[in-house]
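Sending over a structure as structure tokens; questions will come in a sec.
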Amino acid sequence: MSFRITRRALVAVGALAATPAWPQAGKVRPDIRSAAGKTNLQKYARAVRLMTDLPGSDPRSWVYQWYIHALPRTLTKEGELKRLFPIPSPARSLAETVWETCKAHHTGDLSDDFLPWHRLYVMQFEETVRTVLNDPSFVLPYWSYTEAGNRILPPEFRRKDDPVWGSLYREHRSSATNSGVPIDAGLNPNPIQADALNQRTYRRKGAQLGFCAHLDRNLHGRVHVQVGDGVGMGDVPTAANDPIFWLHHCDIDRMWMSWNANGGRNPTDAWADRSFVLPDGRGNKMERMISSVLDASKLQYAYDALLPGPTITAATAGGPVRPVVTLARSSTAVALSDDVVQITLSPTGMKSPKIMGAGLRRQYLVLGTLSANVQPGVLYAVEVRSSAAWFVVGYIHFFDAVPHGDSGHDHMAMAGAPAAIDREFSFDVTSLTAGKAKLPPIRLRAVRARASAAQPVVGRLELVEN
């Protein structure tokens with residue numbers, strides 16, 4: 001794909017325009033703990049300072065890049081366009097198109113878009129850093145938080161007044177995170193796991209979310225919430241203002257590349273022919289098709305290590321989609337007004353179909369249609385009672401459940417009520433529910449103190465069989 005570089009753009013970036021418009025072959029993103037990771041992290045800290053000092057009207061600025069993801073709740077897109085661009089300009093026209101386009105965390109977004117959009121977003125940001133530094137060798141490191149012992153926010157991001165690293169500090173994080181407490185502290189089972197690699201298909205299959213949505217709903221969102229404090233990384237509109245955001249999404253991208261390396265196959269239907277618009281490294285409009293970032297061998301970058309996982313073959317990923325039967329559900333929406341809420345599900349009267357392979361059917365607890373007034377700022381453990389004990393089957397969060405945005409999207413709260421974003425969580429509970437004469441009770445438990453004004457609600461809670 002060609003990019004037209006105007007004389008105005010060349011003047012705007014001066015000598016920095018020598019930096020290539022897109023990643024060159026052979027670039028390797030390193031683990032932040034490695035020597036290469038430390039070298040590039042120091043470059044990154046300098047770039048954050050330089051980008052922060054640029055006016056928000058400059059596509060290379062920190063503010064402009066942040067707003068591509070979303071704008072803070074206290075501001076409007078139209079208001080910021082007027083403030084930063086009092087007169088028309090190419091940068092304003094581009095901002096009108098690319099600001100507040102994060103996928104897939106708005107009502108109506110396709111869950112499938114989460115991985116390719118963020119891959120392109122990180123790629124263009126990385127190229128922007130190269131331009132700002134005038135350093136074509138720069139690569140973003142990744143934070144490999146799924147490794148045991150590596151779940152503490154890297155120390156360079158916690159040095160508030162350090163002359164080198166201070167640009168990486170943000171106040172709006174969990175106080176524990178900024179104090180060096182692991183983001184999985186006190187949680188059992190550990191929520192910071194790469195279990196999405198066990199998914200056999202990219203898309204949903206029956207009650208299983210599929211790799212893309214599973215990674216988004218679980219590990220991706222959990223890291224955001226555990227690092228943030230209900231603002232900053234913990235909320236979609238402000239997440240990209242935290243410098244750790246980009247290292248987090250490098251690791252999410254690394255997991256996608258790992259899943260593909262283990263045999264996972266991306267969709268190849270008409271979905272892949274859709275495109276996204278973003279700035280390139282020089283601030284010019286760039287449009288890329290989803291298909292252009294699906295083949296890892298053609299991405300012109302790699303990672304210094306991928307994650308192991310089960311081998312996925314056509315045989316293990318294929319097979320018919322068995323019907324999903326709703327066995328029981330909550331009779332009302334579940335308001336999480338207390339730190340612990342217990343729910344009793346009501347049987348629907350539906351029975352498992354008598355079909356071949358019925359013995360292979362699994363049971364899942366599905367939670368969806370989440371909403372909240374403000375971020376609760378916590379994970380909720382989902383627990384099932386069995387044999388006089390409570391078992392944690394998973395965790396939910398409200399990272400993308402609070403309405404945001406004002407640029408014509410339909411995810412705004414109407415008449416003061418929070419709009420529900422229907423992103424499901426699905427947890428296999430077969431060992432705790434299948435064959436039981438009586439449905440076991442369910443409870444949702446906040447793992448730490450939540451924001452009192454949040455008023456989180458789970459609109460749907462169902463036990464299904466698939």
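Loop sites only, by DSSP: take the GluC sites (Glu not before Pro) in the chain that have at most 15 other C-beta atoms within 10 Å and name the longest stretch containing none of them. Can you show the working numbers first?
Working: sites that count: Glu147, Glu171.
Answer - 172-466.
Given the C-alpha centroids of region 93-155 and region 213-235, what is the distance between them in whole angstrom?
14
Under 15 Å from the 7 Å Cα→Cβ point of Ala305, by amide nitrogen: which residues of region 162-197?
Within reach of a label on Ala305, which here means backbone N under 15 Å from a point 7 Å along Cα→Cβ, region 162-197 contributes 194.
List the residues, sorted by chain then number, that are 5 or more residues from Leu153 or on another chain and whose placed amide H is less than 5 Å from its amide H.
Those qualifying (amide H under 5 Å, at least 5 residues apart or on another chain) are Ile183.
Based on Cβ point charges of +1 for Lys and Arg and -1 for Asp and Glu, what charge dipole magnitude is obtained for the chain about its Cα centre, in debye rounded to the nearest 20? Before the final figure, lay out each step's value.
Values: 53 positive and 43 negative charges, 124 e Å.
Here the chain has a charge dipole of around 600 debye.
Tell me, in nm to one decimal, what length is gained between Lys38 and Thr52 on full extension, where the rule is 0.36 nm per residue of separation less the Cα-Cα distance? Please list the in-between numbers first.
On the way: separation 14, 0.36 × 14 = 5.04 nm, distance 2.11 nm.
Gain on stretching Lys38 to Thr52: 2.9 nm.
What FRET efficiency would be calculated for the residue pair Asn198, Ala453, taking the C-beta separation as r and a Förster radius of 41 Å, to the nearest 0.05? Intermediate values should be presented prior to the final figure.
Working: r = 37 Å, r/R0 = 0.90.
Result of the calculation: an efficiency of 0.65.
Straight-line reach from Lys82: which aspartates and glutamates have a Cα under 13 Å away, not including same-chain ones fewer than 8 places off?
Cross-link targets: Glu96.
Provide the per-residue ³J(HN,Hα) series for region 75-91, in order, calculated from phi with Karplus coefficients 6.51, -1.76, 1.60 and θ = phi - 60°, each as a whole number of Hz, with x at glycine and proline positions.
10, 10, 4, 4, x, 6, 4, 5, 5, 8, 10, x, 10, x, 7, x, 5
Taking the highest mean first, how do the peptides 429-438, 298-307, 361-370 order by number of other beta carbon atoms within 10 angstrom per residue? Walk me through the numbers before you get to the answer.
On the way: 429-438: 13.0, 298-307: 16.1, 361-370: 21.1.
Put in order of decreasing packing, that is 361-370, 298-307, 429-438.
Using the C-alpha gyration tensor of the chain, what are the square roots of 5 times its eigenvalues, in whole angstrom, with the largest one first?
Details: eigenvalues 295, 117, 95 Å².
The equivalent ellipsoid of the chain has semi-axes of 38, 24, 22 Å.
On to the next question. What lysines could a cross-link reach from Lys160, if we take a straight Cα to Cα line under 28 Å and drop same-chain neighbours fewer than 8 places away?
Within reach: Lys38, Lys43.
Got a sec? Charge dipole of region 7-314, +1 on Cβ for Lys and Arg, -1 for Asp and Glu; which of Ser275, Ser144, Met286 is way out at the positive end?
The Cα lying farthest towards the positive end belongs to Met286.
Determine the gain in length on full extension of the stretch Lys351-Thr430; use 0.36 nm per residue of separation and subtract their C-alpha separation, reporting nm with one decimal. All intermediate terms of the calculation are to be shown ahead of the outcome.
On the way: separation 79, 0.36 × 79 = 28.44 nm, distance 1.53 nm.
Extra length from Lys351 to Thr430 when fully extended: 26.9 nm.
Per the helix-only calculation at 222 nm, which mean residue ellipticity applies to the chain, given -39500 (n - 2.57) for every DSSP H run of n ≥ 4 and division by its residues, nearest 500 deg cm²/dmol?
Result for the chain: -7000 deg cm²/dmol, rounded to the nearest 500.
The numbers here are math on the coordinates, done by the rules we state, and not lab data. From a predicted model like this one, the values you see are computed outputs, not experimental measurements. Don't worry about glycine lacking a Cβ; one is built from the backbone with ideal geometry, like all the others, and counts go over all protein chains shown.
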